[in-house]
Amino acid sequence: MGNINASVDLRRDGEIAIITADNPPVNALKHEVRAGLVEALGRVRDDAGIKAVVIACAGRTFFAGADITEFGKPPQAPGLGEVIAAVEAMPKPLVAALHGTAFGGGFELALACHFRVAIASARVGLPEVKLGLLPGAGGTQRLPRLIGPEKALKMIVTGDPIEACEALADGILDEIVEGDLTAGVIAFTRRVVAEGRPLRLVRDREEKLVAEGFADAAEALTRRLRGREAPAACVEAVRNAITLPFEEGLKREGELFRKLVTGDQSKAQRHIFFAEREAARVPGIPQGTNPRPITSGAVIGAGTMGGGIAMCFANAGIPVTIVETGRDLLQRGLDRVAANYRATVSRGGLGAEEMERRMALISGVTELDAVGAADVVIEAVFEDMDLKKRVFADLERVAKTNAVLATNTSTLDVDEIARATSRPQDVLGMHFFSPANVMRLLEIVRGAATAPDALATAVALGRRIGKVPVTVGVCYGFVGNRMLARRSVEAERLLLEGALPQEVDAAVVGFGFPMGPFAMADMAGLDVGWLIRKGRGERNEIEDALCEARHFGQKTGKGYFRYEPGSRTPLPDSEVERIIAEAAARLNRPRRSIAQEEIVERMIFPMINEGARILEEGIAARPGDIDVIWVYGYGWPVWRGGPMYYADQLGLAHLRDRLSLYAEQSGDETLRPAALIHRLAAEGRGFA
Ligand code: 3H9
């Protein structure tokens with residue numbers, strides 16, 4: 001007994017052996033852990049004094065899965081499969097004690113045990129698909145045997161975890177322990193021994209393996225894969241659980257796993273997994289900087305954005321006050337929030353009681369003084385510099401000392417806004433994306449004077465409210481919208497040169513985006529940009545012509561596309577084709593047919609070029625930060641790893657040559673490759 005190695009401990013409680021792994025922070029099943037487990041299992045199997053065995057983890061969670069950092073490196077025995085074989089070979093009762101997040105290989109290990117016991121706050125899941133993988137340690141064969149193929153497929157294809165209470169109801173767990181897990185699991189194990197409960201391995205259970213409903217479930221879950229390979233492999237593996245003997249299904253699962261783990265898609269998704277975590281480490285925040293405590297928030301403005309931001313607070317259990325200038329506007333905003341919650345309740349995504357609890361955390365006022373109690377204030381008023389400056393000047397008067405003062409501007413100069421107060425160190429941008437309660441991305445804009453602890457507070461708050469915060473510097477459009485603007489310019493140019501909106505959108509969707517730029521423009525509405533351009537004396541030849549013909553987008557049933565009444569499906573519109581052709585003629589642009597490949601390059605490469613400039617200027621700290629922004633904020637296909645990662649895969653010399661060609665052809669100097677691309681390409685390097 002005692003330490004098996006630095007990561008695994010073995011001790012006794014009477015006739016029960018307790019194997020405890022300890023590999024902070026999430027007990028990933030790295031090589032040392034696997035070796036320790038095999039060694040410990042061997043010892044207890046051969047010890048006649050041991051009647052039963054518990055596998056548990058120290059720290060904040062049961063094994064959260066295989067060690068992702070080991071993927072792509074030469075495998076080191078024992079593999080997880082060998083650990084699981086040793087688990088299943090145990091002739092005495094073997095109980096897994098779950099807490100935290102028993103995920104991936106960790107959950108698969110638990111599935112191989114005779115019994116599973118958890119505390120109520122535990123969650124179990126197989127999130128491998130989110131890394132472009134499938135469960136590769138028997139999960140696709142054991143889970144269907146335990147809960148039936150249909151339910152198992154849902155968990156495996158979505159990768160979403162379930163709560164302990166649901167796992168108990170489904171038969172994944174044998175018991176939920178109240179209070180101390182160790183005491184509870186030992187008591188459970190003693191009962192198992194005393195009652196002489198039969199030891200039945202999940203692999204031997206066949207009674208739930210029915211094919212009925214499986215094909216429909218698989219169809220529904222994989223309808224919109226948009227190029228992702230892993231979900232289809234998940235379906236194949238679970239289908240094998242129904243059609244093949246256990247050992248054969250297991251073998252096939254291993255083959256599928258190895259194919260995915262060495263493939264480009266999983267590599268790209270693992271890059272995003274680590275880039276997302278890296279983004280939380282912001283350069284320039286000294287070690288040991290403590291975020292300011294946040295116990296309540298305030299949002300200025302009850303519009304769609306303000307309401308969505310308030311919902312983020314309430315969803316995370318943080319009380320929040322919405323401030324609006326008039327009673328009517330306020331009530332309309334609160335009604336919109338309630339309607340949003342009701343829609344989620346009616347879809348089954350939220351309990352009615354939980355909705356009440358969240359609504360109760362949101363209060364509305366018309367007096368700005370009410371923000372005096374808030375630890376963080378987020379301004380979400382109309383995008384107008386003078387208005388925002390007035391709000392911040394007022395905030396300075398009423399907000400408490402040390403409150404973080406954030407603006408949700410998507411374009412305006414955060415430093416100029418900060419100068420409207422005498423505490424610019426507390427001011428920063430928190431740029432939410434619409435709908436704010438849904439979209440995961442949060443651009444945190446660091447002003448010239450922003451204090452490190454204010455920044456750390458915004459990052460910590462972002463994570464607490466379930467966002468993926470990425471810190472960026474001040475510039476027009478910050479990172480995401482600044483790059484997007486390049487795509488918009490090029491999309492218009494493509495139309496003038498001969499492409500049709502449906503061709504451009506199809507190319508972008510074919511690349512893996514959920515939507516093309518023109519369907520997106522129709523959804524947002526074309527008239528707002530038109531009004532702004534008119535005010536500035538600017539012109540966008542095609543879009544202005546569309547607006548003059550009252551093509552305002554979905555809201556008028558026609559924009560770049562036409563829409564049948566009540567439908568949001570974009571349909572090609574011959575009137576639009578005529579308007580485009582006329583616009584091209586006015587500008588004397590000859591039109592030609594443009595290949596899909598060229599469309600894709602011209603939609604993507606100018607954005608990457610802008611990304612390179614953003615890196616040169618230090619607006620983003622790392623290429624991975626830009627990748628995270630695009631995956632979480634703009635629907636960049638995660639399996640392509642983000643624009644900068646994608647560029648590295650293509651090779652920067654190729655990118656440089658194509659950009660130079662397009663700059664030449666169009667005469668647009670902004671398409672010339674950024675200096676950073678020239679330099680890295682010459683050195684044979686990538687952004688990373
Ligand atoms: C698998 O199991 C394959 C098998 O089917 C078959 C094998 C043959 N490995 O997210 P956090 C690090 S695939 C290595 O900030 P949280 C993470 O990088 C795996 N490292 O914490 C971070 O490091 P750092 C299936 C990992 O509390 C630190 O831990 N499992 C792993 O917000 C803290 O992470 C998964 O996909 C890992 N598996 O969330 C689960 N996991 O501090 C992936 C985390 O240096 N993990 N790290 O930045 C998660 O979903 C979350 O980390 C978790 C905790 C929910 C567990």
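Every read-out reported here was derived from the displayed coordinates using simple, explicitly stated rules and does not represent laboratory data. Model, not experiment: these values are computed from the prediction. Glycine gets a Cβ as well: all are built from the backbone with ideal geometry, and neighbour counts include every protein chain shown.
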Point to revise | Efficiency of FRET from Cβ geometry, A120 and A58, R₀ 22 Å, rounded to 0.05 | key: 0.70
**Study point:** C-alpha center-to-center spacing [the range 103-158, the range 649-688] in angstrom
**Key:** 45 Å
Review point. In percent, how large is the relative contact order of the chain, given Cα pairs closer than 8 Å and 6 or more residues apart?
Key: 9 percent
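Which percent, to the nearest 5, of DSSP beta bridges fully inside the range 333-468 are antiparallel?
In the range 333-468, DSSP labels about 35 percent of beta bridges as antiparallel.
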Review point. Counting each DSSP H run of 4 or more residues in the chain as -39500 (n - 2.57), what helix-only mean residue ellipticity at 222 nm follows after dividing by all residues, to the nearest 500 deg cm²/dmol?
Key: -15000 deg cm²/dmol
Practice item. Once you have a ≥ b ≥ c as the square roots of the Cα gyration tensor eigenvalues for the range 420-487, tell me rounded if a/c is under 1.5, and otherwise prolate or oblate according to whether a/b is larger than b/c. Key: oblate
Review point. What is the calculated FRET efficiency for L329 to A360, with r their C-beta to C-beta distance and R₀ = 25 Å, to the nearest 0.05?
Key: 0.70
Study note, to complete from the structure: Residues other than G288 with Cβ under 15 Å of its Cβ, Lys/Arg counted +1 and Asp/Glu -1, net out at +1
Study note, to complete from the structure: Within the range 607-649, DSSP-loop GluC sites (Glu not before Pro) with at most 14 other C-beta atoms within 10 Å are E617
Exercise for review: Grab the beta carbon distance between N290 and A77, set R0 = 56 Å, and tell me the FRET efficiency rounded to 0.05.
Suggested key: 0.80
Review point. For a paramagnetic label modelled at 7 Å from the Cα of S567 toward its Cβ, which residues of the range 503-545 fall within the zone defined by backbone nitrogen distances under 18 Å?
Key: 503, 506, 516, 519-520, 522-523
Point to revise | Distant-in-sequence amide H partners of R562 (H built 1.01 Å from N, under 5 Å) | key: L571, D573
Revision key, fill the gap. With Cα coordinates, the longest principal axis of the chain makes an angle with the long axis of helix 149-158, in degrees rounded to 10, of 50 degrees
Check your understanding: Taking the Cα centre of each part, how many Å lie between the range 209-268 and the range 32-85?
Key -> 26 Å
**Study point:** Within the chain, percent of DSSP bridges classed antiparallel, to nearest 5
**Key:** 30 percent
Review point. Using the count of nearby Cβ atoms within 10 Å as a rough guide to exposure, how do T409, T344 rank from fewest to most?
Key: T344, T409
Check your understanding: Considering the zone a paramagnetic label at N5 would reach in this model (a point 7 Å from Cα along the Cα-to-Cβ line), which residues of the range 30-74 have amide N under 12 Å from it?
Key -> 30-40
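Once you've got the Cα coordinates, tell me which of K73/K151; K151/K259; K467/K555; K388/K558; K92/K151 are over 27 Å apart.
K73/K151; K467/K555; K388/K558; K92/K151
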